[in-house]
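J.: Handing you this structure, nothing more for now.
The values are calculated or read from the model by the stated rules, or taken from the named source; none is laboratory data. This is a predicted model, so every value here is computed, not measured. When we count neighbours, we look across all protein chains shown, and the Cβ atoms used for this are built from the backbone with ideal geometry, even at glycine. These area figures cover heavy atoms from the full protein model, side chains too; ligands, DNA and RNA do not enter into them. Shrake-Rupley method; radii C 1.70, N 1.55, O 1.52, S 1.80 Å.
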Amino acid sequence: MENAVEVKELTRNYGSLLAVDHVSFKVNSKEIFGLLGPNGAGKTTTIRMICGMLRPTSGTAVVAGFDVSQKPQEVKRRIGLVPDVSNLFGELSARVNLEFMGKLYGLDKKTRRQRIDEVLELFHLKERQNDPVKYYSKGMHRRLTIAAALIHQPEILVMDEPTSGLDAQAARLVREIVIDVNKEGRTILLTTHQIDEADRLTPRVGIIDHGRLITLNTVEQIKSSAEGLRALEIRILNEVDQQRWIPIIGGAEGVDNVFLAEGKIRILSKDLSQIIPTVVNLVDKHGGKIENVSVAQPTLEDAYINLTGESIREEPKSREEYLQRRLARSGLR
């Protein structure tokens with residue numbers, strides 16, 4: 001099977017809102033493929049249509065050789081879904097949750113018992129297997145959710161925001177699990193709004209923005225699209241609110257974009273020799289002092305901004321704001 005997933009012109013409307021707009025892509029067998037975009041970009045809606053949980057307005061999704069609209073049960077047997085919101089029962093133990101999932105997928109008693117023991121061991125949950133899941137940490141809860149998705153040994157693992165809300169240590173463990181599962185020969189399709197996660201995990205990625213797939217390529221090739229830009233990183237001395245400098249610097253001539261990245265102000269420009277003295281003068285004029293300055297290579301985030309015109313960090317504060325943005329971009333408002 002060359003293509004584990006093949007999506008053609010997949011579209012989903014919610015009233016006047018075009019949530020997913022004629023999206024097409026292929027996921028190769030045994031690869032890790034990512035859909036990268038901000039919260040509300042249409043990633044989860046796309047995933048739900050691929051998994052047969054949501055009927056598309058138009059377009060097709062073929063998973064493991066089966067059309068989702070025509071053979072949804074065949075598709076569900078071949079995929080394991082790790083949803084963005086847990087599908088586990090908090091009052092029940094890990095073992096009972098896994099027992100339930102095993103029955104759901106039609107595993108016989110002997111196979112269920114064997115698979116439950118295997119995944120509990122694999123995900124380091126054996127010692128807490130009889131505790132109610134509601135007492136688990138977020139990291140343990142996420143590991144159990146992945147274990148439940150793998151109980152029937154699916155060909156394809158679909159993960160919606162696998163590390164969202166986890167601390168750094170738990171997120172790192174989940175990423176290691178993703179890599180190990182892929183090494184076993186399983187295809188992985190995941191969504192994320194975290195650029196560093198896409199950079200680390202997914203050799204090939206599709207960037208989705210306002211329901212549209214705006215680019216589809218390897219991470220390295222997408223990075224190369226930002227080669228015309230250069231990046232300048234600065235930190236303002238004794239400045240608690242680095243964010244206040246964004247509009248000040250962003251309005252300077254020659255600055256293509258400016259945003260915060262890991263506590264530093266990152267400035268994108270096609271001509272650093274022009275903007276360096278401009279930025280230094282602006283900071284001095286507004287009562288600041290530059291603590292350090294460095295020139296950096298283009299990153300996946302720089303390429304994302306170059307492609308979309310905005311930072312993935314610039315998320316709407318509410319669903320109402322998000323809908324207003326989407327409707328405005330669709331020309332419906």
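J.: Would you pull out the residues with amide H under 5 Å of N28's amide H, same chain only if 5 or more places away, H placed 1.01 Å from N?
T.: When sequence neighbours closer than 5 places are left aside, the close amide H contacts are A4.
J.: Give me the net charge of A4's neighbourhood, meaning all other residues with Cβ under 10 Å from the Cβ of A4; Lys, Arg count +1, Asp, Glu -1.
T.: Taking every other residue near A4 into account, the sum is 0.
J.: Let me know the shape class of segment 94-188, please: from the alpha-carbon gyration tensor, a ≥ b ≥ c as square roots of the eigenvalues, rounded when a/c is under 1.5, otherwise prolate if a/b is greater than b/c, or oblate. Display every interim value, and only then the final one.
T.: Values: a/c = 1.90, a/b = 1.19, b/c = 1.60.
Here segment 94-188 falls in the oblate category.
J.: Express the accessible area of the chain per residue in Å², computed with a 1.4 Å probe while the remaining protein chains stay in the model.
T.: In whole numbers, the chain has 49 Å² accessible per residue.
J.: For segment 35-41, in order, what is each residue's ³J(HN,Hα) by Karplus, 6.51 cos²θ - 1.76 cosθ + 1.60 with θ = phi - 60°, in whole Hz (x at glycine and Pro)?
T.: Once rounded to whole Hz, the list reads 9, 10, x, x, 4, x, 7.
J.: Let me ask you something else. Enumerate the calculated ³J(HN,Hα) couplings along segment 276-292 in order (Karplus 6.51 cos²θ - 1.76 cosθ + 1.60, θ = phi - 60°), each rounded to whole Hz, writing x wherever the residue is Gly or Pro.
T.: 4, x, 4, 5, 4, 5, 4, 4, 4, 4, 9, x, x, 9, 6, 6, 8
J.: Given the DSSP H assignment, sum -39500 (n - 2.57) over each helix run of at least 4 residues in the chain and divide by its residue total; what's the result at 222 nm in deg cm²/dmol, nearest 500?
T.: Taken over the chain, the calculation gives -11000 deg cm²/dmol.
J.: Relative contact order for segment 146-209: what percent, with Cα pairs under 8 Å and sequence separation of 6 or more?
T.: Numbers: 41 pairs, mean separation 24.4, N = 64.
With pairs under 8 Å counted, the relative contact order is 38 percent.
J.: Given springs between every Cα pair under 10 Å in a Gaussian network model of the chain, which of F89, F66, F259 has the largest fluctuation?
T.: Ranking F89, F66, F259 by mean-square fluctuation puts F89 first.
J.: Decide, for segment 7-80, between rounded, prolate and oblate: order the square roots of the alpha carbon gyration tensor eigenvalues as a ≥ b ≥ c, take rounded if a/c falls under 1.5, and otherwise choose prolate if a/b is larger than b/c, else oblate. Display every interim value, and only then the final one.
T.: Numbers: a/c = 1.89, a/b = 1.31, b/c = 1.45.
The shape class here is oblate.
J.: So who's got an amide H within less than 5 Å of the one on L81, skipping anything under 5 residues away but keeping other chains? H placed 1.01 Å off N, in plane.
T.: V158
J.: Right, next: Please tell me the relative contact order of the chain in percent, rounded to the nearest whole number, where contacts are Cα pairs under 8 Å and at least six residues apart.
T.: Relative contact order, the chain: 19 percent.
J.: Related question: With a 1.4 Å probe and all protein chains left in place, how much of the accessible area of the chain comes from carbon and sulfur atoms, in whole percent?
T.: Here it works out to 47 percent.
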